[in-house]
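Laboratory data are not the source of any read-out in this text; all were calculated from the coordinates shown. The structure displayed is predicted, hence computed values, not measured ones. Counting neighbours? That spans all protein chains shown, and the Cβs are built from the backbone with ideal geometry, glycine included.
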Amino acid sequence: MSSSKIVDPGSVVADACRATARAADDLRWVERPGYFTRRVPVDQGRVAVMSGGGSGHEPLHSGFVGAGMLDAAVPGAVFTSPNSLAIEAATRAVDGGAGVLHVVKNYTGDVINFGVAADLCRADGIDVETVLVDDDVATDSSDSDGPGRRGTAATVVVEKLCGAAAARGDDLTAVADLGRRVAAASRSMAVAFRACTVPGASAPSFELGDDEVEVGVGIHGERGTARTSTLTAREVVDTLLDPVLAALGAGDGDEVLLVVNGLGGTHALEIAVVFGDALDALAARGVRVRRHLVGTYVTAFDMAGVSLTVVRCGPDLPTDEVLTLWDAPTAAPAWPNAPAGDPSSDSVVDGESRSDAAGSASAGEGEPDPVITAWITGFTERVRDAVDELTELDRRAGDGDFGVTMEAGLRDAPDASSALPAAAMFAALSRSFLENAGGTSGALFGAVFHRLADGLAGRDVDADTMADAVRGALEIVVRLGGAAPGDRTMVDALAPAADALHDARAETLAAALTAAADTAARGAQDTAGMTARRGRASYVGDAARDVVDPGALAVAWFFAAGADAAGRS
């Protein structure tokens with residue numbers, strides 16, 4: 001649900017504008033008629049650059065008001081053009097005698113209101129030029145009488161390059177010409193995974209199923225031009241890049257700027273994945289990315305989705321000119337301060353080399369043990385088949401990440417083809433968890449398998465040895481996590497298994513593991529009646545009652561797999 005529930009729809013824009021101005025040193029909000037300017041006046045003789053449009057796209061445009069970028073921004077109501085008198089007042093406020101450039105997104109209301117304001121200012125002798133940004137290929141139409149392509153995320157690129165050109169002293173004609181060349185060389189497209197819900201609305205702007213993606217959406221919450229089933233990040237990239245590059249005629253040998261933009265409800269991790277896939281997809285097409293912008297810059301309120309913008313350098317827009325202006329400094333608060341040069345493969349290195357096994361120095365000695373190999377293989381298969389089940393249990397009693405954590409922990413798990421001795425099999429499993437899983441569960445399961453590796457190193461695999469090894473695993477979990485039986489954690493399955501193995505240490509390995517599996521299973525089931533005192537389930541108190549602890553369940557599955565492997569040997 002949208003955070004619009006916490007704001008007053010009637011005052012959200014004015015309230016947010018006042019607060020935004022208070023948050024930035026060089027930003028001033030003029031309440032009536034409603035526009036932002038820099039606190040530092042425009043130097044006499046310098047071109048001013050300004051923009052504006054409906055609110056709900058933040059940080060566009062107010063976040064880009066600052067030295068080296070915009071001198072003013074005029075917000076309207078959510079998804080509604082600002083009025084012409086506010087635009088006129090902002091234009092007059094920033095005119096330094098060298099003229100003012102309006103950067104306008106191609107929406108009918110914006111075009112009309114900026115046009116009226118420009119005419120009013122020209123009548124009083126203020127030179128005004130307009131750059132129309134129309135980059136959205138989803139609205140590219142052969143209908144010459146239609147409104148044309150919408151203006152979306154390429155607006156930020158136009159604002160940055162024109163702002164830098166004005167700051168270095170270019171005249172109005174030159175700055176406007178640059179802006180038009182950048183707009184002409186820019187194309188964008190977006191997808192949504194969830195529609196936006198604007199303040200005051202009782203429902204999203206359109207309905208979208210959990211397994212659906214809307215392709216070709218607009219930044220005012222408009223539905224797209226197509227709908228498809230859930231896409232991977234790379235499929236999203238290909239879906240967007242193909243029409244964007246086709247519209248630009250871009251391909252092998254071209255140099256471009258790339259903007260990967262979140263639409264308001266997309267996490268930075270997801271945006272980063274899309275960016276990485278976009279780099280790979282462009283490289284595969286022979287296109288070189290010279291500069292990039294990655295993050296949330298042009299939003300559709302709280303829409304979950306991403307857009308891709310490509311700006312093609314070429315004869316009309318030389319790369320050297322673009323890079324000089326892109327790299328020029330700006331104090332605009334929403335522009336990233338960290339320099340972003342050419343994306344380089346040198347940015348990612350493999351790091352330290354992996355060992356085949358972690359744990360005891362003697363973990364690799366000896367012959368493969370078929371029981372341990374079958375045990376670990378059976379356990380990994382059981383967990384991988386039940387990731388959704390573990391996730392649902394943890395969602396009801398914790399934070400919902402346990403299934404994903406366990407799946408990650410098994411990413412490099414040994415299998416039947418590993419041909420490792422018993423201790424080395426557990427050591428490799430430990431390494432997989434400690435390296436891939438992270439979090440509390442990853443560390444504790446990694447520690448368990450590490451202690452099992454140490455306990456088996458150099459010893460015969462029998463019930464007596466296994467009893468000692470599991471006791472050591474229990475001790476490390478209790479020491480690290482602080483949990484005791486009854487706290488509703490993995491200890492509630494591990495402790496009775498350790499006791500059962502100790503009591504059956506004179507029995508066969510199969511008999512001892514069967515006893516351990518039975519008691520571990522009962523211990524896991526008993527957690528459903530407990531109130532958690534440790535782990536993340538403790539944060540939800542009695543809400544976790546009647547739900548089996550997923551960590552204890554995974555421990556029970558572990559011993560069940562051991563009993564099955566030993567029983568079949």
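The table below lists the values:
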{"read-out": "Derived scalar couplings ³J(HN,Hα) [the range 278-291; Karplus, 6.51 cos²θ - 1.76 cosθ + 1.60; whole Hz; x for Gly, Pro]", "value": "5, 4, 5, 5, 5, 4, 5, 8, x, 9, 9, 8, 8, 8"}
{"read-out": "Amide proton proximity set for ASP549, modelled H, under 5 Å, gap of 5+", "value": "THR527, ALA528"}
{"read-out": "For VAL128, distant residues with modelled amide H under 5 Å away", "value": "VAL100"}
{"read-out": "Charge-dipole axis of the chain as Lys and Arg at +1 and Asp and Glu at -1 on Cβ define it, positive-most pick from VAL156, VAL470, THR266", "value": "VAL156"}
{"read-out": "Positive-pole candidate from VAL65, ALA300, ALA512, dipole of the chain, charges at beta carbon", "value": "VAL65"}
{"read-out": "Neighbourhood charge, 15 Å Cβ-Cβ cut-off, centred on LEU208 and excluding it, Lys, Arg +1 and Asp, Glu -1", "value": "-4"}
{"read-out": "Lys, Arg +1 and Asp, Glu -1 on Cβ, resulting dipole of the chain about Cα centre, debye, nearest 20", "value": "1340"}
{"read-out": "Packing rank of 447-455, 299-307, 282-290, 167-175, where each peptide gets the mean count of other beta carbons within 10 Å, highest leading", "value": "299-307, 447-455, 167-175, 282-290"}
{"read-out": "Summed side-chain charge close to GLY446 - residues other than GLY446 whose Cβ falls under 11 Å, Lys, Arg +1, Asp, Glu -1", "value": "+1"}
{"read-out": "Cβ crowding within 10 Å averaged over residues, with 475-483, 500-508 ranked highest first", "value": "500-508, 475-483"}
{"read-out": "Entry for P(r) over Cα pairs in 20 Å bins from 0, in percent (calculated from the structure that is shown) out of [x] 22, 59, 19, 0; [y] 20, 53, 23, 3, 0; [z] 19, 37, 27, 15, 2, 0", "value": "[z]"}
{"read-out": "Rounded to whole Hz, the Karplus (6.51, -1.76, 1.60) HN-Hα couplings of the range 91-106, x for glycine and proline", "value": "4, 5, 5, 9, 5, x, x, 10, x, 10, 9, 9, 9, 10, 6, 7"}
{"read-out": "J(HN,Hα) series, the range 208-223, from Karplus relation 6.51 cos²θ - 1.76 cosθ + 1.60, nearest Hz, glycine and proline x", "value": "9, x, 4, 9, 10, 10, 9, 9, x, 6, x, 8, 9, x, 5, 5"}
{"read-out": "Distance from the range 192-228 to the range 52-116 (C-alpha centre basis), Å", "value": "26"}
{"read-out": "Nonlocal amide H pairs with ARG194, under 5 Å, H built at 1.01 Å", "value": "ALA304"}
{"read-out": "Value at 222 nm in deg cm²/dmol, rounded to 500, when DSSP H runs of n ≥ 4 in the chain each add -39,500 (n - 2.57)", "value": "-14000 deg cm²/dmol"}
{"read-out": "Dimensionless Rg/Rh of the range 149-272 - Kirkwood Rh, Rg from C-alpha atoms", "value": "1.03"}
{"read-out": "Computed magnitude of the charge dipole of the range 415-569 (debye, nearest 20; Cβ of K, R +1, Cβ of D, E -1)", "value": "420"}
{"read-out": "Part-to-part distance (alpha-carbon centres) for the range 440-482 and the range 363-436, which is given in Å", "value": "14"}
{"read-out": "For the range 370-567, alpha-carbon Rg relative to the globular expectation (2.2 N^0.38 Å, N residues)", "value": "0.93"}
